[in-house]
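**Student:** If you scroll down you'll find the structure; I have some questions about it.
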Amino acid sequence: MPSPLDSLVRHTRVAYLSMEIAFDPKVPTYAGGLGVLAGDTARSCADLELPVVFVTLASREGYLRQEISPEGEQVDHPDPWDPASRTTPLGAMVAVRLEGRTVWIRPWLYLHACPLGSCVPVILLDTRLEDNDPADRGITDRLYGGDEALRLKQEAVLGIGGERMLRALGFEIETWHLNEGHAALLPLALLRRRRLPPDRLGGGPLHYDIEEVRERCIFTTHTPVEAGHDRFPYPLVERILGDFFEIDQLRLLAGAEALNMTRLALSLSGWVNGVASRHADTARRMFPGYRIHAVTNGVHVPTWAHPAFRRLFQAVAPEWAHDPDMLLRADRLPDEAVWAAHEEAKAELIEEARRRCGVALRPDLPVLAFARRMTGYKRPDLLFADPARLRDIAARHPFQVVVAGKAHPQDGQGKALIRRIHEHARALRDAVPVAFLPGYDMALAKVMVAGADLWLNTPLPPLEASGTSGMKAALNGVPNCSVLDGWWVEAWEEGITGWAIGGEAAAADGEHARDLYHKLETTILPLWHGDRARWIWMMKQSIARVGSRFHSQRMMRRYAAEAYLR
Ligand SMILES: *Cc1c(COP(=O)(O)O)cnc(C)c1O
């Protein structure tokens, strides 16, 4: 029986590997921005008919279902799903040797089809098999779960297993795109093929040297936070992957003290990029000696546009879904129609706040929204730095706040931030309604980015690589108010697409908080309350100037032209 994959196998030339991919909003195979970006990348590849196959882990236990206790504690739960419910099993098996045992991997296929009919395959790698030692069955179960040994095994399944799986399925891949360092063992697996005699390869006579491997590999780095780069001690690497690699050779490619996955990917990739101009600058400083390009992230417009805005776009730019550059025409939209679409989206957010946490928000007051991973450098509590000042501002220019975001189960500081935000919310109850919506995921993100009046972002520069939620907000006519970091450096036009908090240099928390309060008090809130026509003009500028540029169609055209066709 022909598999649904046959014709795709023949045409596909590029493989994109990512530890997490939000290929279907209902499937919890992602933790946050990295996975949502990978999902938007797949959706744009389908739209543009780019010959790319996506590879990730099955993550049957998901990442984290977030419950918030009445005291504001995050309670962590697994978030299980059944691959058989949404994907098709494929009849191939490959094995990798980990810690001296053979670990079998089987593939599941998800086909993402764009409305025009073309589709891209997503292959999910799964070790939950009877044939495996019970100790190995759960390797691919929990995204970012477990200790560093488990993480290394997951990365081996993704990088080494992923390469073998595509070969076993018949793909002839010319270009391998590593989305973040997690898949950096893949180029090493390609390199290793060279040292084996052809009859042991199982896939024909491939002989790569390091230059050939580099020609075939592309690496996108996402992490300006030093601690964000995976590092594995060599004794651990020896124990788990000793059958694969000579550690002395690895030290030359991946760092002398520990296996640094970013270093390894940099050493073995011929084309490297950061995810915004500012981030590429930071990455060049972190890794001198490498040529690092910049491809600014983008979001998939048809996925993130609220239905009410989709209808408006259709009227002025029928090609908008395929070619979001056309959103430049958004400045022609009638003011009343834009405001009516916004009110429709805002009513849904208000309903969601009532349903999820019982907070009553008002449609006639502005909603400031903040949704990010709850972790130190994102400073989710910056808005609450001076509660007395916040009360004072709200007394003259009333507003309300919605917040969402998960803390990684092992990020104690992130969990403390969630607690603190709940304390602020309680203390401010009589002056500023604050709703913390539990369970931030794609579905909730869609409601928030469309229903807010202002999208806030307050990271500590230069630690935000790009950020994408502000792009989703902008294309729904929501102006941004953000620290100048990541993508916002490129999209910010003061008083047109939104507002900057602070200047381009790093600043202390107190300084950024003061600047945020000053802008809210003297500019943003008076404008919302007092000059609706000007506010709607800014909404349209956000769609026209930001929505038309920061989309994943543009991002993928650039990867295709500059990296894949190199
Ligand atoms: C878009 C999105 C993100 C990433 O947003 P940032 O602005 O990069 O923080 C994270 N999680 C979900 C669910 C998203 O939809």
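Every number here is computed from the coordinates shown, using simple stated rules; none is lab data. Because the structure is predicted, anything quoted here is derived from the model rather than measured. Here the Cβ positions follow ideal geometry from the backbone for every residue, glycine too, while neighbour counts run over all protein chains shown.
**Student:** Rounded to the nearest 20 Debye, what is the dipole magnitude of the range 301-550 about its Cα centre when Lys and Arg each give +1 and Asp and Glu each give -1 at the C-beta?
**Tutor:** So the dipole magnitude of the range 301-550 works out to roughly 680 debye.
**Student:** Sticking with the crude label model, points 7 Å out along Cα→Cβ, report the distance from M93 to T522 in nm, one decimal please.
**Tutor:** 7.0
**Student:** Do you know the relative contact order of the chain, to the nearest whole percent, from alpha carbon pairs under 8 angstrom that are 6+ apart?
**Tutor:** 14
**Student:** May I ask you to order 180-186, 346-352 by the average number of other C-beta atoms within 10 Å around their residues, highest value first?
**Tutor:** 180-186, 346-352
**Student:** Within the set of other residues whose C-beta is less than 10 Å from the C-beta of P461, count the net charge using Lys and Arg as +1 and Asp and Glu as -1. Kindly include the intermediate steps, with their values, before the conclusion.
**Tutor:** Details: positive: R278; negative: E464, D485, E504.
Spelling it out: positives minus negatives among the neighbours equals -2.
**Student:** Okay, next question. Got a sec? How would K26, K519, K472 order by Cβ neighbour count within 10 Å, fewest to most? Intermediate values should be presented prior to the final figure.
**Tutor:** Numbers: K26 11, K519 17, K472 27.
Taking fewest neighbouring Cβ atoms as first place, the list is K26, K519, K472.
**Student:** Moving on. If I take every Cα pair under 8 Å that is 6 or more residues apart in the range 301-550, average their sequence separation and divide by the length, what percent do I get for the relative contact order?
**Tutor:** On the way: 441 pairs, mean separation 60.6, N = 250.
This gives 24 percent for the range 301-550.
**Student:** While we're looking at this one, here's another question. Please give the peptides 549-562, 248-261 ranked by average Cβ packing (other Cβ atoms within 10 Å per residue), highest first, as a rough proxy for protection. Provide the component values of the computation, followed by the final result.
**Tutor:** Working: 549-562: 20.2, 248-261: 16.9.
Most protected by this proxy first, the peptides run 549-562, 248-261.
**Student:** For A395, put the label point 7 Å out on the Cα→Cβ axis and report which residues of the range 495-530 keep their amide N under 17 Å from it.
**Tutor:** 518, 521-522
**Student:** Answer with one residue from C114, Y30, A183: the one whose Cα lies farthest towards the positive end of the charge dipole of the chain, charges on Cβ with Lys, Arg +1 and Asp, Glu -1.
**Tutor:** My answer, from the dipole projection, is C114.
**Student:** Further question on the same structure: Whole Å is fine, so just give me how far the alpha carbon centre of the range 272-287 lies from that of the range 120-163.
**Tutor:** 30
**Student:** What is the percent of Cα-Cα separations in the range 301-550 that go past 25 Å?
**Tutor:** Percent of Cα pairs beyond 25 Å in the range 301-550: 38.
**Student:** Once you list every other residue whose beta carbon is under 12 Å from the beta carbon of F287, what net charge do they have if Lys and Arg are +1 and Asp and Glu are -1?
**Tutor:** +2
**Student:** Moving on. Arrange the following residues from fewest to most other Cβ atoms within 10 Å of their Cβ: T296, T88.
**Tutor:** T88, T296
**Student:** May I ask you to list, by number, the DSSP H helices of the chain whose Cα span along the axis is at least 20 Å and whose average Kyte-Doolittle hydropathy reaches 0.5 or more?
**Tutor:** 33-48
**Student:** How large are Rg and Dmax for the chain when only the alpha carbon atoms are used, in Å?
**Tutor:** 23.7, 78
**Student:** Further question on the same structure: Assuming a strict under-26 Å limit between Cα atoms, what lysine pair count do you get for the chain once near-sequence pairs (fewer than 8 apart, same chain) are dropped?
**Tutor:** 27
**Student:** On to the next question. Which of E344, E73, E336 comes first, and how do the rest follow, when ranked by fewest Cβ neighbours within 10 Å?
**Tutor:** Arranged by neighbour count, lowest to highest, E344, E73, E336 become E336, E73, E344.
**Student:** Along the charge dipole of the chain, Cβ charges K/R +1 and D/E -1, which of L383, V53, G274 sits furthest on the positive end?
**Tutor:** Of the options given, the answer is V53.
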